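To start, the structure under review is shown below, and the notes come after it.
The values are calculated or read from the model by the stated rules, or taken from the named source; none is laboratory data. Since we're looking at a predicted model, the values are computed, not measured. Cβ atoms come from the backbone with ideal geometry, glycine included; neighbour counts cover every protein chain shown. Accessible surface areas use protein heavy atoms only, side chains included; no ligands, DNA or RNA. Shrake-Rupley method; radii C 1.70, N 1.55, O 1.52, S 1.80 Å.
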Amino acid sequence: MKVRILVVLFLLNACSSDDAPNRSDFQNEDVGMDAQTNNKGDDTGANNTTDASETGSGALEALLQDLTAGGQETALALANEMGWPLAVEGGYLFVSFEDAFDKVGGDHDDFAGTAMTHAEGFSYVVLNVAPGSRYKFSDGSTFKADPWGRSYVYDEFGEMTLVAPTSKHLERFFQIGDSKVEPRRVTVFRSEGTPTHVLYTHDGQNLFAPDANSGGWKLFDQAPAGMMIVGIDNSGARMEEYTHVVDDIGSGNIGGGGDNYADFVNTTVRELIRDQYGEPAKVGMMGSSLGGLISLSIVDRFPDQYDFVASLSGTLGWGSIGLSNQTMIERYSGKGKRSTFIYVDSGGRGSGCVDSDQDGIQDDDENATDNYCENKQFESTLVTEGYAYDTDFVHWWEPDAPHNEASWAARVFRPLGIFANL
């Protein structure tokens, strides 16, 4: 059994996706009132509550009736179509589906907590607030971010929801899937100004949140100006979705659903982004480990549709670990040079590469690790196919770097910078 199995086993512990908010989600981000009162901005106007009956809007009345009848299913549809809080006559409609959290505090009231009106299954209020205003829901002693809110950032108190943000921020869409892959959350990093590049990135849970695995990738702070980053959460079927062929890592056959996931990303997710934002001129793809593998697989499945692809510590020997199926190294062999710029990297020792089982794929031993040998062989394959270093591809080796999120976060600036300059 090959040493690289140890790297692959790490993948089994990857985070899986949360879908739409549910009651358990409401318990995650409580912050004491005493702490939250330090998280204040300039007052944008207090006592600006508008009762629904004062808006004179039949549309608002109809909307409240729909929420009463449809509950969180209606909230989900509105979250993805329009984004909470909803712009209505008189301001913005805020809705909380947890009974105790029936106040909304923010820049509009110096986080005092404005009372909401109780309806059947939810509380609501219409507030006339300024663009860029921050807010959270409150039960009178603790605050938590709006789990349905479209736009948000992270600060020292955790997630902070925003209204019509005016600076860089995150936006999210819930339960995005298709007939062949499980629904999951899609998160979009929006920089200031009109984006010129969009980068579709896998394992979205690890990209932006400060409490992500090993501290996450910190892409909110590392994204270059003009780059929109689309983080696609993994699901419970990660091993199936992120692999192009079946393999055996010691417990029987697993994987091979990568084409279905590739179609989901290239069709459903890209169409979502086009519909919401338009698509910038430059389009890229990025992932790590199995996420790097599926990135290269998607670009191979849809040649010339992506300007850039990055694979960090990609598991490029997948298919040959316990079986004899086609690896990504072999898949790119014989295809010639195509238009997509390719970035691959790895950590490890950079030694000990040997084809121990005589299957044509170089294997990491205890002196190499982090898929170093597979990525080095992939580099050789690209050169054979006519790719020129720094012109069509880059292979980066980070000596001794381990296989984890912190390592990828420390060197992700390289592929981001390359893509930004294409």
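Structural remarks
- PHE157 farther than 30 Å from ALA69 by Cα, modelled with pLDDT under 95, among the hydrophobic types (A, V, I, L, M, F, W, C) and open to solvent by 10 Å² or more (accessible area, probe 1.4 Å): yes
- Residue pairs meeting the criteria (Cβ under 6 Å; at least 6 apart or on separate chains; first closer than 21 Å to GLU279 by Cα, in region 210-232; second among the hydroxyl-bearing types (Ser, Thr, Tyr) and part of a strand (DSSP E or B)): ILE229/THR201; VAL230/TYR200; GLY231/THR187; GLY231/THR201
- Every pair of residues 6+ apart whose Cβ atoms lie under 9 Å, when the first sits in region 181-196 and is under 8 Å from MET228 (Cα atoms) while the second is polar (S, T, N, Q) and surrounded by 21 or more Cβ atoms within 10 Å (Cβ to Cβ): ARG190/SER151
- The set of residues in region 266-291 that are over 24 Å from ALA79 (Cα atoms) and of a type outside the set (A, V, I, L, M, F, W, C) comprises LYS282, GLY284, GLY287, SER288, SER289, GLY291.
- Test: residue in region 278-287 that is out of contact with any Pro (no Cβ under 7 Å at 6 or more places or on another chain) and within 17 Å of GLU385 (Cα to Cα): no
- Total residues in region 160-172, condition touching a residue at least 40 places away in the same chain (Cβ under 8 Å), buried (at least 21 other Cβ atoms within 10 Å of the Cβ) and not in a loop (DSSP other than H, G, I, E, B): 2
- For region 261-313, a residue qualifies if it is assigned to a helix (DSSP H, G or I) and in contact with a helix residue (DSSP H, G or I) (Cβ under 7 Å, 6 or more places away or on another chain), and the qualifying residues are TYR261, ALA262, VAL265, ASN266, LEU290, LEU293, ILE294, LEU296, SER297, ILE298, ASP300, ARG301.
- Residue in region 333-348 that is at pLDDT below 95 and farther than 19 Å from ASP304 by Cα present: yes
- The one condition in (1) assigned to a helix (DSSP H, G or I); (2) within 27 Å of the chain's Cα centre (by Cα); (3) loosely packed, with under 15 Cβ neighbours inside 10 Å that ALA62 fails to fulfil: (2)
- Residue list for region 231-256, restricted to those being polar (S, T, N, Q) and assigned to a loop (DSSP other than H, G, I, E, B): ASN234, SER235, THR243, SER251
- Residue in region 235-251 that is nearest to the chain's Cα centre (by Cα), counting only those that are farther than 18 Å from GLY314 by Cβ and either open to solvent by less than 30 Å² (accessible area, probe 1.4 Å) or polar (S, T, N, Q) (or both): SER235
- Annotation: of all residues in region 89-100 being open to solvent by 10 Å² or more (accessible area, probe 1.4 Å) and at pLDDT 95 or above, the one that is nearest to ILE273 (Cα to Cα) is TYR92.
- Looking only at residues of region 315-339 that are part of a loop (DSSP other than H, G, I, E, B), touching a Phe, Trp or Tyr at 6+ places or on another chain (Cβ under 8 Å) and open to solvent by less than 10 Å² (accessible area, probe 1.4 Å), we find that the one that is nearest to GLY292 (Cα to Cα) is LEU316.
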